[in-house]
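One structure below.
The values are calculated or read from the model by the stated rules, or taken from the named source; none is laboratory data. For clarity, every value in this text was computed on a predicted model and none was experimentally measured. With ideal geometry, Cβ positions are generated from the backbone for all residues, glycine too; neighbour counts draw on all protein chains shown.
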Amino acid sequence: MSTGFDRETGDFARGARAVVVLPDLGGSPRDSDARLAETAGLAEAIGVDVCGRIAFRVRQARPATMLGSGQVEALAATIAEREAELAVFDAPLSAVQQRNLENALGCKVLDRTGLILEIFGERAATAEGRLQVELAHLDYQAGRLVRSWTHLERQRGGYGFLGGPGETQIEADRRLIRDRMARLRKELDQVSRTRTLHRDRRQRAPWPVIALVGYTNAGKSTLFNRLTGSDVMAENLLFATLDPTLRQVPMPGTDKAILSDTVGFVSDLPTQLVAAFKATLEEVVSADLLIHVRDIAHPDTEAQRDDVEAVLSEIGVAGADVTPRIEAWNKIDLLPAERQEEILALAQRRDDVVALSALGGEGVDTLIETVGATLTAAHRRYRIELPAGDGASAAWLHAHGEVLDQWLEGEKAVYDVRMAPRDHGRFTHRDA
């Protein structure tokens, strides 16, 4: 396996040595050490060897280099001392800042957006995921096409639709990127339509959909495996899950539910990714219930919660009044005994919170009971008339609602059933 940085292609391989850099502009609710640790974790997620972490207090971002001149010199010395081939900035950098920093530091520079895109590009497993990642990459690259590289400054004569006379390479590249992005969007629209058809089919099915959401590495996939008995990838790794996974799970009060494991969110999630992964996130938008899995043992757990809520709001799930949600305070097994007791006491005072350990199983039964109660909280009573011989529909009502009473009226069987309005709609349109 190759390691290090390829100076000819500008690419880095697994094992490249990197220094993580935090330009601290102030005003962030997050602890600097925690931010450095998260960015280091992101870098390590694609096999980079983090050999140093350094934070600089920046009063005002410099347009040319983000950091001050003295800070750039200090960083260059650290990179030389550690023999690093890559500097990973926990901040968005303009194309000019990135180029100037690479010249000053003598190494490859990657900003937070580029780093997350690298991870997504490596992890996408399905055709849809790869389309989404490529679209996000192209959107990011389009903003990097400035007159910074000599090969983009050449002019070429063109013919036909391949470029008119005097078209510069940068103009041609921009046009090619626009064309490719347009094709990708069409393909993703088709994916979205297919997903909508599948979702409509599920709407006619009797089971509600529950989506697991949360900050990356909060334990969603571990909880998913615990609830479903599945074996989806669940590692102590940022962005272990990119493509959504759906499984049926038994659920009190509704017989069954469909559980969806979704991509994890992260602070400063690139807008390119939110847009590109819209089709995937539609599973969240259309869910009957959200389980917000939080790493309650993380020092920035409250800030992570706010980041997740911000992304949910951005995709149209603004609050519990839009889609009911439960907070699963995960990883209580990592807390000191005194803090664990405090968290358990806080959770018990709230109807929408369950403290648990997805890894050890503590509290998972309570979560299942809470989910069942939440899904059935809005149930109403309905009078439903069926042909006396329609055993299949009668069985459906018994399986997915609570039959309070039933009797015959001539050739009709009448049922007094309590169920969710959405389930009643599914029952009504199940043969549509």
Open item on the list: Looking at the range 407-425, can you tell me whether even one residue there is without any contact (Cβ under 8 Å) to a residue 12 or more places away in the chain, part of a strand (DSSP E or B) and either not aromatic (Phe, Trp, Tyr) or not assigned by TED's automatic domain parsing to the domain that holds MET251 (or both)?
Closed with: yes
TODO: Report yes if VAL109 is touching a residue at least 12 places away in the same chain (Cβ under 8 Å) and over 17 Å from ARG144 (Cβ atoms), otherwise no.
DONE: no
Task: Top-ranked residue in the range 323-335 [being at pLDDT 95 or above and part of a loop (DSSP other than H, G, I, E, B); ranked as nearest to the chain's Cα centre (by Cα)] - done: LYS331
- [ ] Could you check, for the range 369-377, whether at least one of its residues is loosely packed, with under 13 Cβ neighbours inside 10 Å and assigned to a helix (DSSP H, G or I)?
- [x] no
Task: Selection count where residues are out of contact with any Lys or Arg (no Cβ under 7 Å at 6 or more places or on another chain) and either outside any strand (DSSP E or B) or of a type in the set (A, V, I, L, M) (or both), scope the range 387-406 - done: 13
Open item on the list: So GLU83 passes all but one of these: (1) modelled with pLDDT of 95 or more; (2) at positive phi. Which condition number does it fail?
Closed with: (1)
TODO: Go through the range 40-53 residue by residue and tally those that are surrounded by fewer than 16 Cβ atoms within 10 Å (Cβ to Cβ) and touching a strand residue (DSSP E or B) at 6+ places or on another chain (Cβ under 8 Å).
DONE: 1
- [ ] Determine whether GLU338 is more than 38 Å from the chain's Cα centre (by Cα) and of a type outside the set (A, V, I, L, M).
- [x] no
Open item on the list: Within the range 268-290, does at least one residue satisfy the condition of being crowded, with 19+ Cβ neighbours inside 10 Å, under 14 Å from the mean Cα position of the chain (by Cα), modelled with pLDDT of 75 or more and farther than 25 Å from PRO92 by Cα?
Closed with: yes
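Restrict the check to the range 371-382 and report whether at least one residue is among the polar types (S, T, N, Q) and either at pLDDT 90 or above or touching an Asp or Glu at 6+ places or on another chain (Cβ under 7 Å) (or both).
No: the range 371-382 contains no residue that is among the polar types (S, T, N, Q) and either at pLDDT 90 or above or touching an Asp or Glu at 6+ places or on another chain (Cβ under 7 Å) (or both).
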Open item on the list: If I filter the range 385-408 down to residues being small (Gly, Ala, Ser) and modelled with pLDDT of 85 or more, which single residue comes out as surrounded by the most Cβ atoms within 10 Å (Cβ to Cβ)?
Closed with: ALA394
Open item on the list: The conditions are (1) out of contact with any strand residue (DSSP E or B) (no Cβ under 6 Å at 6 or more places or on another chain); (2) among the hydrophobic types (A, V, I, L, M, F, W, C); (3) under 25 Å from ALA297 (Cβ atoms), and ALA104 fails exactly one of them. Which is it?
Closed with: (3)
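Within the bounds of the range 28-44, is there any residue that is more than 19 Å from SER267 (Cα to Cα) and not assigned by TED's automatic domain parsing to the domain that holds GLY264? Reasoning before the result, please.
First, the residues of the range 28-44 that are more than 19 Å from SER267 (Cα to Cα): none.
Checked the range 28-44: no residue is more than 19 Å from SER267 (Cα to Cα) and not assigned by TED's automatic domain parsing to the domain that holds GLY264.
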TODO: Would you please list the contacts, defined by Cβ atoms under 6 Å and residues six or more apart or on different chains, that run from a residue in the range 11-22 that is in a loop (DSSP other than H, G, I, E, B) to a residue that is crowded, with 24+ Cβ neighbours inside 10 Å and modelled with pLDDT under 95?
DONE: ALA16/VAL48; ALA16/GLU85; ALA16/LEU86
Open item on the list: What's the number of the only condition in (1) closer than 27 Å to ALA287 by Cα; (2) under 31 Å from the mean Cα position of the chain (by Cα); (3) touching a residue at least 40 places away in the same chain (Cβ under 8 Å); (4) in a helix (DSSP H, G or I) that ALA347 fails to meet?
Closed with: (3)
